[in-house]
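Single-structure report; data block below.
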Amino acid sequence: MFLTGGLKSLLPHVLRRIIRCNRLSISNTSGMAEGYKQANVVILHKSLADDFEKFCRANDGPLPLLYRSKPGDWKCPPLSSDSDIRTDCLQYRMYEHGAYTGSLKSLKEYSEQLKDMVTFYLGCSFSFEKAVQNAGIPIRNVEQKRNVSMYKTAVPCLSVSTFCCNLVVTMRPIPESKLEAAVLATSELKEAHGAPIHMGDPGLLGIQDLSKPDYGDPVHPHPGDIPVFWACGVTGVEAVINCRAPLAFTHAPGCMFITDLKNDNVTVRSSREVPQVHCISRDPLHYSIVSAEAAQKIKTLETLIGIDPGDRGIIHLQRQDELLKACLSISHARSVLITTGFPTHFTYEPPEENDGPPGALAIAAMLQALEKEVAIVTDQRAMNLNKKIIEEAVQLGILRRPVPLLSYQRESADSALMFLCENGNPGRPRFDHLIAIERAGMAADGNYYNARKVNIKHLVDPIDELFLAAQTIPGVTTTGVGDGGNELGMGKVKDAVKKHIKNGDVIACDVDADFTIVAGVSNWGGYAIACALYILSTCETHDRYLRKAVGFPHLLKKTVWLSALPSVTKEEKLLKTLVQHGVRSGKTASLEMEVDGLPFYNTHSLMIEKLL
């Protein structure tokens, strides 16, 4: 028997000969032949080969196809000069009609059956381990001399004919300070699965217990390590099981075919394409990925909307990258709840101002285009007004379809939880993200104030309670958009509001949001969110991470997303609608421009159009 210590430096053809002679006493090939590509193996009857290749092409994150053999061909010339797939894996598995029927050291006794079978060689994450180590990142399973941990997820692959299964992933614990380096080290190694598909809480993938992998060995994290998941070629094994082929063979998970191909590091072509990692939630822990180019565009948007036309001191409320992090979080959400409405004109009917609804509808329009569920919650007294505005927004082509309109009243101590979750169960939230834009926010004394310190509590329903309840529901995040500090969600910057905003000691909202977007006019913040969601959706790096590297890129839907963007024309139409319903401007005359005789202060929408 050979000792394992020197295997990492042996050339692939030497290792294959040793494996062929059955002279190794190891359980997996992780860390062997450093710098060379390793491959998962799937062997199927030739009648299934075309469909399986299509399945691989449709899910190239977990199943990057390195080579497809001809029927009965036991060699793979593009991958190795001297190989025999019947003998050159450490261990094989046999499946009959989808059932695992045995582990084998060699397939030679099945040579006759193999004459009608096709071998698929699929990329493996063992191939990138050396590149990760070269980036100064520890590989815990190699350190612990264990096979990598592999898990079945709840993420469905794109099905092709009889091939359908959920994604399988590998997990490597990575120090939090090294997350971005790990993404960078692997993102261009697409034949080795590329960048991670998830970083953070395994439950978000449907994985219940990291100590119980479905394949491989449990790997123990160090303090400060974050679970990082890559798509895995064992997805092919699951597909074989589900297709119930009369006879199929695969490598045993972790026992790869070692090729002669160097896994040369690929340098990211441009600094614009460099991936960035951002934490978007601490409970559950969740990180997201975006390209530097997309992130910079969103940061430019944040700067653009931060101009203070009223010289109110909002620069002191602004927090860097809040727009980016908020929109990354919204991008991952399945269902979003929006609220708006600031009854600052308390002596008029309706008392609403026209800052807020246009921005809210701009967000809703983009969420609809992105095929997310979206609803709006508002004051009971304003339901009819908002219903008419939504109906006309559909007629004007601003919305694709009506947005469900809800109201909230406190009837008991758990009313907010019952509203946000099915049967009040925090494990079954109806919404993943809550957005408040120019929504009156509760002050420390329990009242609601306009900028002039007038108490308008009698006109405001306690929608703040939904944001407070959201803080207790894992996986539900919140965003507040405001321009003066008295809006819902601005509690995150309340100390700055009290110090720098006129009347701030009285009017400051006391209710936090996870992300606080401060704009010169709140509508600008809504437009920026819609535009940022468009930027993220057209970012290939983020799109791949969102879809977990299964299925095809969503960029073909770009035309639909583009049509949902806010524009000056849409804004003019909506402002006219609001005026027709008696809604007044909430800004001072010095901030207004006249467009067709209407107060039109949201000129930044034109600047946003130019940016995009």
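The values are calculated or read from the model by the stated rules, or taken from the named source; none is laboratory data. Small disclaimer: the values here were computed from a predicted structure and weren't measured. In this analysis, Cβ positions are derived from the backbone assuming ideal geometry, glycine residues included, and neighbour counts consider all displayed protein chains. In case anyone asks, the SASA skips ligands and DNA or RNA and just uses the protein heavy atoms, side chains included. Shrake-Rupley method; radii C 1.70, N 1.55, O 1.52, S 1.80 Å.
Structural remarks
- Set of aspartates and glutamates near Lys372 by C-alpha distance (under 12 Å), chain-local residues within fewer than 8 positions excluded: Asp432
- Rolling a 1.4 Å probe over the protein chains gives Ser9 an accessible area of about 90 Å².
- Shape class for the chain, computed from the alpha carbon gyration tensor (a ≥ b ≥ c): prolate, with a/c not under 1.5 and a/b above b/c.
- Cα→Cβ-extended label distance, 7 Å offset, between Glu112 and Arg20, nm: 2.5
- Set of lysines near Lys190 by C-alpha distance (under 17 Å), chain-local residues within fewer than 8 positions excluded: Lys37, Lys130, Lys262, Lys548
- Estimated FRET transfer efficiency (Tyr100, Glu293; beta-carbon r; R0 51 Å; 0.05): 0.65
- Computed label-point distance, nm, for sites Asp505 and Gln320 using a 7 Å Cα→Cβ extension: 3.2
- Label point distance in nm, Asp73-Asn384, each placed 7 Å from Cα along Cα→Cβ: 7.5
- Ranked packing of 308-318, 510-520, 418-428, 139-149, most packed first, by mean Cβ within 10 Å: 510-520, 139-149, 308-318, 418-428
- The share of accessible area on the chain that comes from carbon and sulfur is 50 percent, using a 1.4 angstrom probe.
- Counting only lysines at least 8 places from Lys457 when in the same chain, those with an alpha carbon closer than 26 Å to its own are Lys387, Lys388, Lys492, Lys494, Lys498, Lys499, Lys502, Lys587.
- Heavy-atom surface of the chain, accessible at 1.4 Å and reported per residue (Å²): 40
- Efficiency of FRET from Cβ geometry, Thr347 and Ala444, R₀ 35 Å, rounded to 0.05: 0.85
- Adding -39500 (n - 2.57) for every DSSP H run of four residues or longer, then dividing by how many residues the chain holds, sets the calculated 222 nm ellipticity at -8000 deg cm²/dmol.
- The stretch between Cys164 and Asp214 holds 16.2 nm of extra length on full extension. This uses 0.36 nm per residue minus the Cα-Cα distance.
- Alpha carbon convex hull of the stretch 276-611, projected area averaged over orientations, nm²: 15.7
- Based on alpha carbons, the Rg and Dmax found for the stretch 7-271 are 17.3, 53 Å.
- Ranking Leu158, Leu533, Leu285 from most to least accessible surface, computed with a 1.4 Å probe over the protein chains only, gives Leu158, Leu285, Leu533.
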